[in-house]
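Read the structure below first, then the notes.
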Amino acid sequence: MGAVAQAIRPKGKIYGRAYMIFVTVGNHYQSFDRLIKKVDDIASRLPHEIVIQRGYSGYRPQHTKHFDFVPISTAVEYIKTSDLVISHAGIGTIILCKEYGIPLIIFPRRKKYGEHGTDHQMEIAQALEERKDVNIYMIYEEDQLEEKIVEVLKDKKKPLPTENVGKKTLIRIIREFIDKTGNDHAFSSQDLGFKKLGIGE
Amino acid sequence: MKRNRKIGLICSPGGHFTEILQLLEAFEGHPSFLITYKEKATWDRENTYYMRNLARSPIALIVGVLKILLIFLKERPDILFSTGSEIAIPSFYFGKFLFRTKLIYLECSAQVYQPSMTGRCVYPITDLFLVQWEPLLKRYGPKAKYMGGLI
């Protein structure tokens, strides 16, 4: 466990049954205050330790720890050591939660509220919902959040990191392509590119 | 005989960046460098070039595009790999036409049904074009391949 995450974890069970929840709204330049306000509101009632990465959202939470950004390596530490992650339908967060077997509640950003340029996050959420992944939960209205948090943490099981078959296949395909390129090229790009034109020497 | 190929990794921060980190194993054994935007969430990593977000202003675009050219002149990549976003467009066109690099593009898993603008721009010149959701195949030409996704 990283030092950062250890430091923010509640020491002992001072809040009773306290879980660690990490909230992130990604690197997108538009704000996602709808989620952050709701989490802040819920945080005043729940005993859990909640940390929010606000990103470019303007709202400042009153009841939780928060910051705008930490480097991705630190964010990974937060995710790994959380009992639950809540986020927009961001690919980075989904990948990391799957990799470390952390339950994830997804609340997609919407175009109509000025939270993203398109509604593609709805498509991601719906595609994931159809696939019925374990440990990934979708909500589409902020009012569903509190109930969902309680539900997910109640039957929280030991996280099960699953083998990522898609990742393995993609790595294999890319490797094969690189090896093939290495073999059927008689020249290196240095011979064919700028050098030939006498530029960039 | 297998030869070392210089690999250029190109992506913007966020999910695109996380996707590249997931796939680093594919490039092991080859020298590589990475070009991304300098933003607070970016990881400090060796062999990495940072620039301002190209989409932020016309000046950032011009400076950034020139910077990509200079980086390529220095690094001389043989293969470029990108997961998007728009930073891949100037990189791939420079790579293809000035450096004769081979191009691999992985459409970000955020694109389920709709192709991305970047994907559409680089599709015609890309050598290995991968998408991460099957429904997306019919929106691209026969060159696109679906081999599973990262999420």
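The values are calculated or read from the model by the stated rules, or taken from the named source; none is laboratory data. As the structure is a computational prediction, the values presented were derived from the model and not from experiment. Neighbour counts are summed over all protein chains in view; Cβ atoms, including those assigned to glycine, are modelled from backbone coordinates with ideal geometry.
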Farther than 23 Å from A:Arg54 by Cβ and either of a type in the set (D, E, K, R) or more than 12 Å from every other protein chain (Cβ to nearest Cβ) (or both): does that describe B:Leu80?
no
Residue list for the stretch B:72-102, filter: buried (at least 23 other Cβ atoms within 10 Å of the Cβ) and aliphatic (A, V, I, L, M)
B:Ile79, B:Leu80, B:Ile87, B:Ala88
Out of the helices (runs of 4 or more DSSP H) lying entirely within the stretch A:23-123, which hold 3 or more residues that are touching a residue at least 60 places away in the same chain (Cβ under 8 Å) and within 28 Å of B:Gly148 (Cα to Cα)?
A:72-80, A:91-100
From the list A:Phe187, A:Phe194, A:Phe177, which residue is modelled with pLDDT under 70, of a type in the set (A, V, I, L, M, F, W, C) and surrounded by 15 or more Cβ atoms within 10 Å (Cβ to Cβ)?
A:Phe194
Mind telling me which of the residues A:Arg9, A:Arg17, A:Arg45 ends up being within 30 Å of B:Lys38 (Cα to Cα) and either modelled with pLDDT under 90 or more than 14 Å from the chain's Cα centre (by Cα) (or both)?
A:Arg9
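Listed here are the residues, each with its yes/no results for (1) over 10 Å from the mean Cα position of the chain (by Cα); (2) among the aromatic types (Phe, Trp, Tyr).
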| residue | (1), (2) |
| --- | --- |
| A:Asp83 | yes, no |
| A:His88 | no, no |
| A:Thr93 | no, no |
| A:Tyr100 | yes, yes |
| A:Pro103 | yes, no |
| A:Ala125 | yes, no |
| A:Glu129 | yes, no |
Candidate set from the stretch B:30-65 (those that are surrounded by 14 or more Cβ atoms within 10 Å (Cβ to Cβ), out of contact with any helix residue (DSSP H, G or I) (no Cβ under 8 Å at 6 or more places or on another chain) and small (Gly, Ala, Ser)); member that is farthest from the other protein chains (Cβ to nearest Cβ)
B:Ala60
Residue count, the stretch B:72-116 (criterion: in contact (Cβ under 8 Å) with a residue 40 or more places away in the chain and either among the β-branched types (Val, Ile, Thr) or assigned to a strand (DSSP E or B) (or both)):
8
Given (1) at pLDDT 95 or above; (2) in contact with a Pro (Cβ under 9 Å, 6 or more places away or on another chain), number of the condition A:Ile72 does not satisfy:
(1)
